[in-house]
Amino acid sequence: MHFNLYSDSKIFDIQAFVVLSFAAGMAQSGSEKRLLAEYANGSTDSMRVETLIKLCDEFTYSQPEKALQYYDRSRELSEKSGYELGLARSYERAGNIFFHQGKKEITRDHYLKALKVNQQVGDYEISASIHYNLGNLHYETGAFDSVLYHADKAAEIFLNNNDSVGYAATRYLIIGLYKDQGKYSLAMKTGLEALGIFQRHEVQTWEIYTLNNIVDLYKIQGDLSTILLLRSIVQIRTGPQTMFATCGHKTDRENGGGSFTTPILVLVLMVQVIRRICFHG
């Protein structure tokens, strides 16, 4: 159902949007109701666009069709109000939805639209994120040269903006690329670089992802002793009940505690892994 957000009266427009959301049969969660109230109370078009983008994020994975409805609204309001940052974000969100649905061509089209609009805005996080996502998209199609190109473009943007965690995320992307190409030494070197950054910044989720990739590399090489060492550190980092759980990209301190990995364990890990690289190739 298409909602007309652009009546002459903004008050009527906002109220109509909320009422029509109920009338359209949307089974609203508590967070959706809160965000719709936030939308209704928004004092500017840009604030309302940002709320619509939050609503889009809310349903990207669980209800993509509903997410697309909110994307349509955020895009239309961004275009009407001339809010280019909102338009770039809206196109990016649409790309995320279509990516989740496996629609590769339309995903690529929306990411490229976001990049084009963002050239006027200059938001580095949008550009880097889109290049990262385009790398993921090309990874699924087996276009490995394009994966490396977009991963390196994202890495360059992150480094130019002193975002070392973002840079490490791009290195994580190409670990799998090198592994699939049989370039195990490059994959290991890249994994250790990313792991060190994630540990320094206490980004536990990405740290665990990277450790598990390094474990996979040692599985391929049949190095059982290092696999056991790495698995023990993964268990220490997460606990046996949440070994492979994701918790967002917050640091351990932000999640309510300090780092679980002691400096000694990290040192043992690095020494063992580097020795194996040096002496076993």
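Read-outs throughout are calculated quantities, based only on the coordinates presented, and are distinct from any laboratory measurement. No experiment lies behind these values; they were computed from the predicted model shown. All Cβ positions, even for glycine, are placed from backbone atoms using ideal geometry, and neighbour counts span all protein chains on display.
Details
- The Cα-based radius of gyration of the stretch 117-174, divided by its Kirkwood radius, gives an Rg/Rh of 0.98.
- Label-to-label distance, Q119 versus Q181, with points set 7 angstrom from Cα along the beta-carbon direction: 2.8 nm.
- In order along the stretch 105-114, phi translates into HN-Hα couplings of 5, 6, 4, 4, 4, 6, 4, 5, 4, 4 Hz, rounded to whole numbers, per the Karplus curve 6.51 cos²θ - 1.76 cosθ + 1.60 with θ = phi - 60° and x for Gly and Pro.
- For the stretch 89-224, the alpha carbon positions stretch 49, 31, 22 Å along the principal axes, listed from largest to smallest.
- Euclidean distance of C-alpha centroids, the stretch 90-163 and the stretch 47-79, integer Å: 19 Å
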